[in-house]
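Bear in mind that the values in this text are calculations on the coordinates, not laboratory data. This one's a predicted model, so the numbers in the text were calculated from it and none came from an experiment. All Cβ positions, even for glycine, are placed from backbone atoms using ideal geometry, and neighbour counts span all protein chains on display.
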Amino acid sequence: MDGSESGRDRIVEAATRLFAALGYDGTSTRMIADAAGLNIATVAYHAGGKRDLYLAVMERAHEAERAALESAIADFTPDPAGIRMLIDRYLDFCVDNPDVPALWMHRWLSDAADVAHLESRYVKPLIAHICETVREAARADVDVEYAVMTVIWATHGFCRGGVLDVDGERTGIGNAKEVARFRAHLQRMVARLFGLPE
């Protein structure tokens, strides 16, 4: 493999899959190298160490999420239809990019605790931007930050864990019927949180 960006992308993609599945603490550089079909020295040469890879993975995940949300915010109207659209677009992003909620959920469980400041750098400004955007559409008594966080918690939980079917098996984002069911539930929940008509 040469020093091309595509080589680095291949390594970052392998690292993303592993960090999303096993967390930073549960993933070794050797595992990343094996998943990319390379040796450790080649991975280090093209992408740095495990910490460097983790930072690259988290930045890439953040940029994808930020772009999706900014696109939705650009189309936002401060009314019930605008809130519904924003919820739908966020759920669509998470369903289409399940590694992103998985990466953040690992951090909720204190994974990569020695890699600090990602939340203050990436998450907090994005949440503040969303809260400012939707505040005008909410009743005055709504705790907008908790309402937004509730959507994130629920969506990440569904995308990562799904629900149990009648046989006790997990089903979720791979099942269009369950995604539609969760979407309807999320919309009802948000309508109640924001005091919107259902």
On Cα atoms only, tilt of 99-108 relative to the major axis of the chain in degrees = 90
remark   = Nearest 10, in degrees from 0 to 90: the angle of helix 50-74 to the longest Cα principal axis of the chain is 30
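If packing is taken as the average number of other Cβ atoms within 10 Å across a peptide's residues, how do 89-96, 62-69 rank, most packed first? Walk me through the intermediate numbers first.
Numbers: 89-96: 18.1, 62-69: 16.1.
Result, highest mean first: 89-96, 62-69.
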request  = Enter the Cα centre distance for the pair region 1-68 and region 108-134, rounded to the nearest angstrom.
outcome  = 21
request  = Considering Cα pairs under 8 angstrom that are at least six residues apart, work out the relative contact order of region 59-194 and quote it in whole percent.
outcome  = 26
request  = Rounded to the nearest Å, what's the spacing between the alpha carbon centres of region 139-153 and region 72-97? Just the number, please.
outcome  = 15
request  = State, in angstrom, two size descriptors of the chain derived from its alpha carbons: Rg to one decimal place and Dmax to the nearest whole number.
outcome  = 18.6, 58
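By counting other Cβ atoms within 10 Å of each Cβ, how are V179, V163 ranked from fewest to most? Display every interim value, and only then the final one.
Working: V179 19, V163 15.
Going from sparsest to densest Cβ surroundings: V163, V179.
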